[in-house]
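Here the structure is laid out as structure tokens; the discussion comes afterwards.
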Amino acid sequence: VEGAAATASAGHGGRRRHVLLFPLPYQGHINPMFRLAGVLHARGCAVTVFHTRFNGPDAARHPEYRFVPVPDGMSGAPSVAIDSVVKHILALNDACEAAFRERLAAVLAEYSRDAVTCLVADAHLLRMVEVARRLAVPTLVLRTGSAACFAGFVAYPLLCDKGYLPVQESSELDRPVRELPPYRVRDLMHMGSDGHELVCELLARAVAAVKLSSGLILNTFDALEAPELAKLRRDLAVPVFDIGPLHKFSPAAGGSLLRENRSCLEWLDVQAPESVLYVSFGSLACMGGRELDETAWGIAGSGVPFLWVVRPGLVCGRAPDEPARLPEGFEAATRGRGVVVEWAPQEEVLRHRAVGGFWTHNGWNSTAESVCEGVPMLCRPHFGDQMGNARYVEHVWKVGFEVGDGGELERGTVEAAIRRLMTGSDGAEMRTRARELKMAAAECTGNAGSSELAIVRMVTHILSL
Ligand code: UDP
Ligand code: UDP
């Protein structure tokens, strides 16, 4: 670590750049934070990663960073129900605050104060931003979702005042949100009236964290969200750095929390170009046993080759490590036509020439990765920002469509949707638009592209803090 810090200081007028990172301990938040670590490290910054015990990253994979565990004092992982994720995030903040203050003070004492440039904290870690502020450490905030989603956070109190939220009747879900087109009420982050206060608290804290900070870092890019980024720049008093898609700058992420199955890449190698449907619902979303069966039989009935990530914990209410069981007869019915794995090297899968479509839950990382690889999407959002992301996929970028409209899934619906995406004529149009977006993304991340320039601005900004 001393060595890394010394290297970072060389060539920068003796001023060391040492950046402290604190990711939220979920896969979809750890990945972009580690990609950001890669970006900063490549530009001469020494990196220290604070992390909780729950979902701690694989430190052995990153000898170039220093890791500082922060005891979270919590008994275990949250269950996968959304209200428990929200509660977990809020509780985690309080549980870590005191220990983080201690650890941060120790790091500051060890590296004389001026060597530490700033803390980059996940937007959901307001308490850590406050601690850093009290210790006079400037902070940047990484928000791992889209710009549109964060604009929704900022507008949330206003939308509540205007009566959009909380939702009282299901008929209100389709009401268009005039202030944030093309969102409908159902596309906003919401949990029904019982969880309303919790969601308000979660989003208000994220906005407060950004307002206390010296800048907002977003894993998005100009070609995808120019109007939304412009709106945020108007509404926020801090600089906004749209440096995405981060996986293009720093492919090696923090290491998955589940063991990756790489043999599926060899199977993809012998499949026809753009013939395979990749199916994955991310690291948190869960489905009922019946939905799993309908999904399986819909995939089987479509006749389309597939690579399906069935991670332990995919079925709601089971233990996180309990393997999900596919319906009897599914394997025989699809033998030779598909592969089921517990966790896939997703970036490589989406880049593979054999992959022609992605059935996704529309977590922001998955959505951005798919867009950047030019893969059109079948959308099945579950909770949080996923509905809003799916809305953009279908109605703004027009590179996919939603299956099941938030209701129960039937195998017939699944079959038809898969065929429409993989072999239908509008699926082909979506694929063409996805290719165009891929090129636009490549321009943003290329030489002097908007994202590359934003990275340069961000690093300059960090140095000036
Ligand atoms: N991912 C992966 N292998 C899988 C499934 C997901 O590597 O089999 C990665 C994916 O590339 C993405 C992250 O896990 O970077 C999931 O993040 P996302 O925001 O899409 O969803 P979340 O898990 O937060 O719901
Ligand atoms: N800005 C931006 N994106 C960037 C860098 C800057 O939108 O990548 C905007 C930002 O909103 C800010 C202004 O440009 O209001 C000045 O940026 P700078 O980084 O110089 O911020 P300062 O530290 O001067 O507030």
Query raised in the report: Does Gly145 satisfy being within 30 Å of Thr117 (Cβ to Cβ), out of contact with any Ser or Thr (no Cβ under 8 Å at 6 or more places or on another chain) and either within 16 Å of ligand 2 (Cβ to nearest atom) or part of a loop (DSSP other than H, G, I, E, B) (or both)?
Result: yes
Report task. Working only within the range 131-175, note down all residues that are of a type in the set (Gly, Ala, Ser) and more than 25 Å from the chain's Cα centre (by Cα). Result -> Ala136, Gly163, Ser170, Ser171
Query raised in the report: Among the residues of the range 321-341 satisfying the criterion of being crowded, with 16+ Cβ neighbours inside 10 Å and over 20 Å from Gln271 (Cβ atoms), which is farthest from ligand 2 (Cβ to nearest atom)?
Result: Leu326
Query raised in the report: Does the range 249-262 contain at least one residue that is within 16 Å of ligand 2 (Cβ to nearest atom), in contact with a helix residue (DSSP H, G or I) (Cβ under 8 Å, 6 or more places away or on another chain) and in contact (Cβ under 8 Å) with a residue 60 or more places away in the chain?
Result: yes
**Report entry** Members of the range 283-294 found to be crowded, with 19+ Cβ neighbours inside 10 Å and in a loop (DSSP other than H, G, I, E, B), listed by number
**Finding:** Ser283, Leu284, Ala285, Cys286
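Rundown of residues vs (1) at pLDDT 95 or above; (2) outside any loop (DSSP other than H, G, I, E, B); (3) of a type in the set (Gly, Ala, Ser), yes/no style:
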position: Gly412; (1), (2), (3): yes, yes, yes
position: Leu421; (1), (2), (3): yes, yes, no
position: Ala428; (1), (2), (3): yes, yes, yes
position: Ala448; (1), (2), (3): yes, no, yes
position: Met458; (1), (2), (3): yes, yes, no
Query raised in the report: If you go through the range 223-249, how many residues are crowded, with 20+ Cβ neighbours inside 10 Å and of a type outside the set (A, V, I, L, M)?
Result: 8
Report task. Could you tell me whether the range 154-161 includes any residue that is within 21 Å of Pro227 (Cα to Cα) and in contact with a Gly (Cβ under 9 Å, 6 or more places away or on another chain)? Result -> yes
Requested in this report: Please tell me if Trp343 is within 12 Å of ligand 1 (Cβ to nearest atom), part of a loop (DSSP other than H, G, I, E, B) and either at positive phi or aromatic (Phe, Trp, Tyr) (or both).
Outcome: yes
**Report entry** Tabulated pairs, the range 210-230, first among the acidic types (Asp, Glu), second part of a strand (DSSP E or B) and away from ligand 1 (no atom under 16 Å from the Cβ), C-beta under 9 angstrom, 6+ apart or interchain
**Finding:** Asp222/Asp242; Glu225/Asp242
Query raised in the report: Is there a residue in the range 190-202 that is closer than 30 Å to Ala136 by Cβ and either touching a strand residue (DSSP E or B) at 6+ places or on another chain (Cβ under 7 Å) or in a helix (DSSP H, G or I) (or both)?
Result: yes
Query - Pairs with Cβ under 8 Å, 6+ apart, first in the range 422-446 and closer than 15 Å to Phe221 by Cβ, second surrounded by 14 or more Cβ atoms within 10 Å (Cβ to Cβ) and of a type in the set (Asp, Glu) - result: Lys438/Glu373; Cys444/Asp222; Cys444/Glu452; Thr445/Glu452; Gly446/Glu452
Report summary line: Selection from the range 41-53 of residues within 22 Å of Phe100 (Cα to Cα) and either within 15 Å of the chain's Cα centre (by Cα) or buried (at least 17 other Cβ atoms within 10 Å of the Cβ) (or both) yields Cys45, Ala46, Val47, Thr48, Val49, Phe50, His51, Thr52
Query raised in the report: Which of the residues that make up the range 151-189 are assigned to a loop (DSSP other than H, G, I, E, B) and in contact with a Cys (Cβ under 9 Å, 6 or more places away or on another chain)?
Result: Leu165, Pro166, Met189
Query raised in the report: Can you tell me which residue in the range 113-134 is nearest to Glu97 (Cα to Cα), limited to those that are modelled with pLDDT of 95 or more and surrounded by fewer than 23 Cβ atoms within 10 Å (Cβ to Cβ)?
Result: Arg127
Query - All positions within the range 293-339 that are more than 15 Å from Thr360 (Cα to Cα) and among the aliphatic types (A, V, I, L, M) - result: Ala300, Val304, Val315, Ala319, Ala324, Leu326, Ala332, Ala333, Val339
Query raised in the report: Does Arg353 qualify as being of a type outside the set (Asp, Glu), at pLDDT below 95 and in a loop (DSSP other than H, G, I, E, B)?
Result: no
Query raised in the report: Among the residues of the range 244-282, which ones are in a loop (DSSP other than H, G, I, E, B) and more than 16 Å from ligand 1 (Cβ to nearest atom)?
Result: Val270, Gln271, Ala272, Pro273, Glu274, Ser275
Requested in this report: Go through the range 365-393 residue by residue and tally those that are aromatic (Phe, Trp, Tyr) and surrounded by fewer than 24 Cβ atoms within 10 Å (Cβ to Cβ).
Outcome: 1
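The values are calculated or read from the model by the stated rules, or taken from the named source; none is laboratory data. The structure presented is a predicted model; accordingly, all values stated were derived computationally and were not measured. Cβ coordinates were reconstructed from backbone atoms using ideal geometry, including for glycine residues, and neighbour counts include every protein chain displayed.
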